1. Once label points are set 7 Å from the Cα along Cα→Cβ at both Asn164 and Glu266, what is their separation, rounded to one decimal in nm?
2. For the residues His487, His81, what sequence is obtained by ranking on other C-beta atoms within 10 Å, fewest first?
3. Tell me which label goes with the value of P(r) over Cα pairs in 10 Å bins from 0, in percent computed from the coordinates here: [x] 4, 19, 31, 30, 14, 2, 0; [y] 4, 18, 27, 23, 14, 8, 4, 1, 0; [z] 3, 16, 24, 23, 17, 10, 5, 1, 0.
4. Of Lys205/Lys245; Lys401/Lys491; Lys44/Lys401; Lys245/Lys277; Lys154/Lys245; Lys6/Lys387, which ones are farther than 20 Å apart at the Cα?
5. Could you pull out every Cys in the chain that lacks a partner Cys with its beta carbon under 4.7 Å away?
6. Estimate the FRET efficiency between Asp423 and Gln459 by the formula 1/(1 + (r/R0)^6), using the beta-carbon distance for r and 22 Å for R0, to the nearest 0.05.
7. Given the -39500 (n - 2.57) contribution per DSSP H run of 4+ residues, what per-residue ellipticity at 222 nm results for the chain, rounded to the nearest 500 deg cm²/dmol?
8. Write down, largest first, the equivalent ellipsoid semi-axes of the stretch 400-492 in whole Å, where each equals the square root of 5 times an eigenvalue of the alpha-carbon gyration tensor.
Amino acid sequence: MAKLAKLDDIVSLCKRRGFIFQSSEIYGGLASCYDYGPLGVELKNNVRKAWWKAVVQMRDDVVGLDCSILMHPLVWKASGHADKFADLICECKKCNTRTRVDHLKDKAEEGAAAQEHIEHVDIEKEVAAQHDLSNKVCPDCGKVGNFTEPMPFKLMFETQMGANVDDSMTLFLRPETAQGIFANFRNVLDTTRVKIPFGIAQIGKSFRNEVTTKAFIFRTREFEQAELEFFCEPGTDDEWFEHWKEQRFNWYLNLGIKKENLRFREHDADELAHYAKGCVDVEYKFPFGSGDWQELEGIANRTDYDLRQHQRGMRTLNAWFEAKGDLAKIELKAEAEEYLKGPLSYFDDVEKKRYIPYVIEPSAGIDRSTLAFLVDAYDEEEVRGEKRNLLRFHPALAPTKVAVFPLVRKDGMPEIARNIYNDLKEHFTTFYDEKGAVGRRYRRQDEAGTPFCITVDGQTLEDKTVTVRERDSMEQVRVATDKLPGHLREKLV
């Protein structure tokens, strides 16, 4: 039975075994930025592959996309990010710590868990609102009610595109991958044979200039998202919302996450994003403090908001070109029926009707999922009076599937082991090691999460069999060398 890992245990193991390193560590590191090491990059790749296989490859109604990180700034104007994507923050006058206003706790609530809100505020509305901070506690120094006035903190990173100042354009690093999918909705319709209901999926980097980061790779300013926008006919959206809730919850269970560490949390009405009809989080019990439930993935009913907004944005741009005026002053006055006839609408040629699709969006973080799989797989146990650390990864996620050892470096054992290694690496991610006692080699692979170790020993020289040792049970069986690929393939499915 796996013990609840502490975050320090995970961070230590990740550094020790080459899963995750602090970025720019030789220069003192860069806050909230991390590099994936040799084992970490394999684990993260396997998480990506598992998501893509479940969401795209195994379905007939989802296609893939890979959009540019840099997009036209009007995309973010139409989506609302340019005007609304900000956190309201204040600064402690005593210690100068900046904190999101919605994360501050009353003195009476000190020690209680603060509720996380993923959707961000409307700058103008929130700045205009009155916030009483007189009883709020600084999370750093503990001073009560000693804060500056709340101020907006924009979350999108800006950059410049252009050869010089005269022709440069201010662009944003995308804060989510979803908008690239919406902007390509018509392209996908026109170039494929998809019909509603269908989905478009994407995995890619996003960037948010968060006020505060948190807990290793749980919240960082650069992160990787796996998002699906599933387009459906209005009126069928509730059914598809339930479908994707079940699919996504079961994905984590099927890859080994313990059911007691997962739960759904429905968003309250006042917590919903302005575009959402409904939203639910898949939460995982992360090892922050004594164990905190935190969002692992969000599943939202985005209605037809995004497609309507981009259709409006396209019409506004056309009006600007016609008038050659100030884009900010041009007001589009089209009726709702006109939007239905626009380029981002969908015509059902069977039912002979046109509509703007509703969208169900499961949105997961690859880095956050990787952390959850690491935490859930972590275990400690005592074996013959000695502590054993191991990662009980599902075989599909294990960075290395098989390790091959010669028992000793003589009698031709290394040569046989090398031949086995070369044969197996065509089928599986395989590791070779001949240094140190075989028991220590086993322990290193246990800590790396490798499901099987193969040892070439004296008996191999006699009957061409090897010892195959299983990570979790430590049971050992003899298998003929020519039967190894089939034996392992059967176990690693």
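The numbers here are math on the coordinates, done by the rules we state, and not lab data. No experiment lies behind these values; they were computed from the predicted model shown. Note that we place each Cβ from the backbone using ideal geometry, even for glycine, and neighbour counts take in every protein chain shown.
1. The modelled label-to-label distance comes out at 6.1 nm.
2. By the 10 Å Cβ count, ascending, the order reads His487, His81.
3. [z]
4. Those over the limit are Lys205/Lys245; Lys154/Lys245.
5. Cys14, Cys33, Cys67, Cys90, Cys232, Cys279, Cys453
6. My answer for the efficiency is 0.70.
7. Calculated at 222 nm, the ellipticity per residue is -8500 deg cm²/dmol.
8. The three semi-axes for the stretch 400-492 are 17, 16, 12 Å.
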